[in-house]
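In what follows, a single structure is set out as C-alpha cells and then discussed.
The values are calculated or read from the model by the stated rules, or taken from the named source; none is laboratory data. Quick caveat: nothing in here was measured; it's all calculated off a predicted structure. Here the Cβ positions follow ideal geometry from the backbone for every residue, glycine too, while neighbour counts run over all protein chains shown.
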Amino acid sequence: MSNLSELVAASRLPGEPIHTPMFIGGKPWRGSQDERVVRKSPAHGVAVTSTQRASVADLDAAVSAARQAFDDGRWSRLPAEQRATVLLKTAQLIREQADTLAWFETLESGKPLAQSRGEILGAAGIWEYAAGLARIVHGDTHDSLGERMFGLVLRQPVGVVGIITPWNFPFFILSERLPFALAAGCTVVVKPAELTPTTTLRLATLLAEAGLPEGVVNVVTGLGSVVGQALADHPDVDMISFTGSTSVGQSVMRAAAGNMKKVGLELGGKNPQIVFADADLDDAADAIAFGISFNAGQCCVSGSRLVVHRSVEAELVERVRAVLARVRVGDPLDAANHVGAIVEARQFAKIRGYIEAGRESQAQLVCGGESSSEGERYFVSPTVFRHVDPRGALAQEEIFGPVLAVTPFDTFDEAVALANGVPFGLAASIWTRDLEGAMQSLRAVQAGRIWVNCTITGGPELPIGGFKQSGIGRETGRYGLEEYTELKSVHVQLGARARWMA
Ligand code: NDP
C-alpha cells in the first residue's frame, strides 16, 4: 500500500482497507473479540477502512476509564486555562491534519472532498471557540438574601458523558458536542456510527497528542443496537448526548431513564423553506437548490419542504429546476462534482422508496428522480415534486435524501400552519423583503433554528436543537456548554442561626 500522505495528496483510493483500533484509557484498544468491520466507500464500491466491532465488555472498559478519570479530578479539577490550552492545541492539530481527515471522511461518507475539508476546518473553529468558553464557566452569587444568609450557585461538570453520533456529519457533529463537554470538565465515551468511525478514532489520538489526560476521551466502535444501547443503559454514565433518528432517540431516552441520566437529543427534521410573494426569487431558488442538495439531502437541517405563496409558486419552482439542472452528482473525489454518494444501500433504498411513492401519488415530478446503485455505488439526483399533499409521507416524513416537496399557500396563517404541521421542529428558512412579515413568521414558526433570507449557515456562537420531536436540549454556544453542567445551589448561614427550638 502506498504511503498515507501520498494517497491523500493524490486523492486516491487505498489499495487495501486502512485499519484504526479503538481508543480506551489513552491507548489504542484491540477489543475483546476479534471481529473486524470493513467499510466500503459508498461512492466507489471498494473497501477503504476497517474497525473493530466492540463487545459490551469493551464498552464497560471505556466507561470505567472515563469514570475513573472523572472521579479522580485529573481533568475536571484542572484550572480551566489548562483545559483551554488542550482544546486549542487540538484545534491546531485538526488544522494540520485537515487533508487526511477530509480524505477519510469522504471515503466513508461519500461527500465531496472540498465539503469534507470545509467541515474539518469548520470543526477546528468550533474547538477554538469552545476553548474560550472553558474559561468563562462560572456560577452566580446572591448577596440579597438578608443580613445572615449568603447564596452561591456553582456550575459543575455533569460527569461521564456518552456521545452517540450519526454518519451524516461524523466529525462536525462530534465537534459540536465533544469540545463543549470537555470545556465543562466532563469525561467522555464516544460511539460513532459504524459506517463512519475513522475520523472520530483519529481525533482521539490527536487529543492525546494535544495533552489530554488518559481516560478523558474514549472511543468505542461497534453496533448501535449493542454498544450504543449499552452506553445509554450504563449506570456509571451521567449524561447521554444522542444525534440520529427520532425512533432511536426514543429508545435512548427510555434506556437513560434507568439511572435518570441527563439527556441531550438532536433528532430528525422536515424543515420548511417559506417563501413569500415579495421574496428575491433568484436568491431563494439558489438557496433552496443548495438546501436540498447539500450532503445529498442527508442533513438534519435540509430544507426538504418548500412552502411558497401561490402567486410565485410556478416561477420559483422553475428557477429551482434551472439551478438543479447545473448540479453535478458523482465521484466525491472529483472536484467538478457538487453532490456525492448516498451513504449506504439501506439509505439509498429508503430514498428510492419515497421517490417511487411520489411518482405514484398525485404529485408532479418536476426534475430528478434518477438513481443508480451500479457497482455498490449509490447516487440519487436532486428531485423536486410539486402539488404535494401536505398530509402525505413526502411532506411529513424525514426522507434524508435530496427530495424536495412543494406545497403552495394563500395566506400568512396558512403558511404558518403548513410550516408547523409536521411532528418535527428543527429548522426553517423564511424568504421575504418585508421586515414585519419576517418578524411575525419567525415568532410563529416552531423551530430551534431559523434563517431569514439565508439557509444552512452559522457558526458555533448560536445554539442548535429542536422543538417537538426534533429533540431535547441545545448544542453549541454558551447554552451548549451549560448542557454539560449541573447547578448546585448553596446557602451559607452568616452568624447565629434562628433556632427551631428556642
Ligand atoms: P440511527 O438513529 O439508527 O443511528 C444514529 C446513531 O445511533 C449511530 O451511531 C447508531 O449506531 C446509533 N444507534 C443505533 N441504534 C441504537 C440504539 N438502540 N441505542 C443507541 N444507539 C444506537 O440512524 P440511521 O443511521 O439508521 O439512519 C436512519 C434515519 O435516521 C435516517 O434515514 C434519517 O432519517 C435519520 N437520521 C437523522 C440524523 C440527524 O442528524 N438528525 C442523522 C442520521 C440519521 P450504528 O451506526 O452502529 O447503527
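Summary of computed values
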{"quantity": "Failed criterion for Ala257 (all others in (1) surrounded by fewer than 20 Cβ atoms within 10 Å (Cβ to Cβ); (2) in contact (Cβ under 8 Å) with a residue 12 or more places away in the chain; (3) closer than 26 Å to Ala69 by Cβ hold)", "calculated": "(2)"}
{"quantity": "Unique match (being farther than 21 Å from Leu4 by Cα and modelled with pLDDT under 95) among Gly26, Gly31", "calculated": "Gly31"}
{"quantity": "Positions within the stretch 257-269 being modelled with pLDDT of 95 or more and near the ligand (Cβ under 10 Å from one of its atoms), in sequence order", "calculated": "Leu265, Glu266, Leu267, Gly269"}
{"quantity": "Set Leu201, Leu182: member being part of a helix (DSSP H, G or I), touching a strand residue (DSSP E or B) at 6+ places or on another chain (Cβ under 6 Å) and of a type outside the set (D, E, K, R)", "calculated": "Leu201"}
{"quantity": "Single match in Gly73, Gly151, Gly146, Gly162 (criterion: within 16 Å of the ligand (Cβ to nearest atom) and not in a helix (DSSP H, G or I))", "calculated": "Gly162"}
{"quantity": "Residue match in the stretch 302-314 (condition: buried (at least 20 other Cβ atoms within 10 Å of the Cβ) and within 30 Å of Val189 (Cβ to Cβ))", "calculated": "yes"}
{"quantity": "Number of the exception - Phe400 against (1) assigned to a helix (DSSP H, G or I); (2) within 16 Å of the ligand (Cβ to nearest atom)", "calculated": "(1)"}
{"quantity": "Identity of the residue in the stretch 219-252, more than 6 Å from the ligand (Cβ to nearest atom) and assigned to a loop (DSSP other than H, G, I, E, B), that ends up farthest from Ala181 (Cα to Cα)", "calculated": "Gly222"}
{"quantity": "Subset of the stretch 214-254 (residues that are of a type in the set (Ser, Thr, Tyr) and over 24 Å from Asp71 (Cβ atoms))", "calculated": "Thr221, Ser225, Thr243, Ser245, Thr246, Ser247, Ser251"}
{"quantity": "Pairs, first within 14 Å of Leu145 (Cβ to Cβ) in the stretch 486-500, second exposed (fewer than 11 other Cβ atoms within 10 Å of the Cβ), C-beta under 8 Å, six or more apart", "calculated": "Leu494/Glu147; Gly495/Glu147"}
{"quantity": "Arg328 free of Cβ contacts under 8 Å to residues at least 40 places away in the same chain, assigned by TED's automatic domain parsing to the domain that holds Gly401 and among the charged types (D, E, K, R)", "calculated": "yes"}
{"quantity": "Residues (surrounded by fewer than 23 Cβ atoms within 10 Å (Cβ to Cβ) and assigned to a loop (DSSP other than H, G, I, E, B)) located in the stretch 385-397", "calculated": "His387, Asp389, Pro390, Arg391, Gly392, Glu397"}
{"quantity": "Residues being in contact (Cβ under 8 Å) with a residue 24 or more places away in the chain and either within 11 Å of the ligand (Cβ to nearest atom) or under 13 Å from Arg377 (Cα atoms) (or both) - total across the stretch 340-358", "calculated": "11"}
{"quantity": "Sole exception among (1) surrounded by fewer than 24 Cβ atoms within 10 Å (Cβ to Cβ); (2) touching a Lys or Arg at 6+ places or on another chain (Cβ under 7 Å); (3) of a type outside the set (A, V, I, L, M, F, W, C); (4) at pLDDT below 95 for Gly222, by number", "calculated": "(1)"}
{"quantity": "Residue selected from the stretch 359-378 under the condition more than 16 Å from the ligand (Cβ to nearest atom) and touching a residue at least 60 places away in the same chain (Cβ under 8 Å), by the criterion farthest from Ala405 (Cα to Cα)", "calculated": "Gly375"}
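Condition check ((1) buried (at least 16 other Cβ atoms within 10 Å of the Cβ); (2) among the polar types (S, T, N, Q); (3) not in a loop (DSSP other than H, G, I, E, B)) across all residues:
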position: Gly437; (1), (2), (3): yes, no, yes
position: Gln440; (1), (2), (3): no, yes, yes
position: Arg443; (1), (2), (3): no, no, yes
position: Ala447; (1), (2), (3): yes, no, no
position: Trp451; (1), (2), (3): yes, no, yes
position: Gly459; (1), (2), (3): no, no, no
position: Leu462; (1), (2), (3): no, no, no
position: Tyr479; (1), (2), (3): no, no, yes
position: Glu482; (1), (2), (3): yes, no, yes
